[in-house]
1. Placing +1 at every Lys and Arg Cβ and -1 at every Asp and Glu Cβ, with all other atoms neutral, what dipole size does the chain have around its Cα centre, in debye to the nearest 20?
2. Please list the non-local residues whose amide H lies under 5 Å from the amide H of ALA179, H modeled 1.01 Å from N, same-chain partners needing a gap of 5 or more.
3. Using 0.36 nm per residue of separation minus the Cα-Cα distance, give me the extension gain between ASP92 and ARG315 in nm, one decimal.
4. Roughly how many nanometres apart are two label points built 7 Å out from the Cα toward the Cβ at PHE103 and LYS266?
5. Given R₀ = 41 Å, what would the calculated FRET efficiency be for GLU186 paired with GLN253, taking r from the Cβ atoms and rounding to 0.05?
6. Determine the relative contact order of the chain: mean sequence separation of Cα pairs under 8 Å and six or more apart, normalised by residue count, in whole percent.
7. Relative contact order (percent) for segment 127-272, with alpha-carbon contacts under 8 angstrom and 6 or more residues of separation?
8. If you average the sequence gap of Cα pairs under 8 Å that are 6 or more apart and divide by the length of segment 235-326, what percent do you get for the contact order?
Amino acid sequence: MTTMTMIEAINFTLRKEMERDQRVICIGEDIGKNGGVFRATDGLQALFGEERVVDTPIAESAIIGASVGMASRGLRPVAEIQFFGFIYEAMDQMVAQAARLRFRSGGVLQAPMVVRAPFGGGVRTPELHSDSLEGLFLHSPGMKVVMPSNAYDAKGLLTAAIRDNDPVLFLEPMKLYRAFKQEVPEEDYVIEIGKARVLKQGEELTIITWGPSVPLVSKVVEQWEKQTNTTVEIIDVRTISPIDEETILTSVQKTGRAIIVHEAVKTGGPGAEISALINEKALFHLTAPIIRITGFDTPYPVPSVEDEWLPNANRIIQGMKEVFSH
């Protein structure tokens, strides 16, 4: 056991998986000598050489296209997109090619590849560097979408993603890369993709969240419970595709109230899908309408208003007051 930040856990996991399996290859912009824009691949090219840690031109579509080709021919590429907002250039390769390959070929071909990308706000980046676009891929059958919120989960989920036989989009909350350290086993372990974590037990409200919003929700709930006689259950879904319906529904059926918190925009976002799931399968357990606390329906804003645009403590507390008013 050792303590690691999330970025250290990701680097450690990539190294271990490359040592374990010669088919694992890293590919992306400046990931070799430079070690990646956030240093997630720092030192890997020196260990494994230029043929297994491949620097590419600034061409996202080419990175993912090459990864699809390698994956279909037996390798296990781990591609890095420097910032998730630049994923649009690779959408065709991911959604129309990688995500469909097994279905299209009747199971003859597979695309065992991982696309890693930092995402989420809170670090004052310029346009297209903080977007939360996970909903685009929730709507793309064949693509698994994973989002760790801490170093322990990052190691276990990334290991699972690399060993998965389907394409996995692995989204890394960049404001949490170095936000805190956590004890992480050096030994091999896997966290099942599609299995949520009940971060905290509670009886009167369920808050469903993921990625960069998890520490914020935890802090707000801690303050809330000190000031009220209510307890709140927190679910970190860890993945939105596939989503852990059982954990969500079991919790909401117990508490009777639900709030969904995420940084992606509200309309057509993952919160809408989770809300629909609860309405379809747990409606008569609800004592209050479901509330979504999300980014607003605009392009990601300039840094000066970022704190107001993102879910924040005031908006979450207001939502909690509203569900408890029914």
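The values are calculated or read from the model by the stated rules, or taken from the named source; none is laboratory data. Quick caveat, the model's predicted, so the values are computed rather than measured. All Cβ positions, even for glycine, are placed from backbone atoms using ideal geometry, and neighbour counts span all protein chains on display. All accessible areas refer to the heavy atoms of the entire protein, side chains included, with ligands and DNA or RNA removed. Shrake-Rupley method; radii C 1.70, N 1.55, O 1.52, S 1.80 Å.
1. 340
2. Counting only residues 5 or more places away or on other chains, the set is MET6.
3. Between ASP92 and ARG315, full extension yields an extra 76.7 nm.
4. 3.1
5. Efficiency for this residue pair is about 0.60.
6. For the chain, the relative contact order is 16 percent.
7. For segment 127-272, the relative contact order is 29 percent.
8. 32
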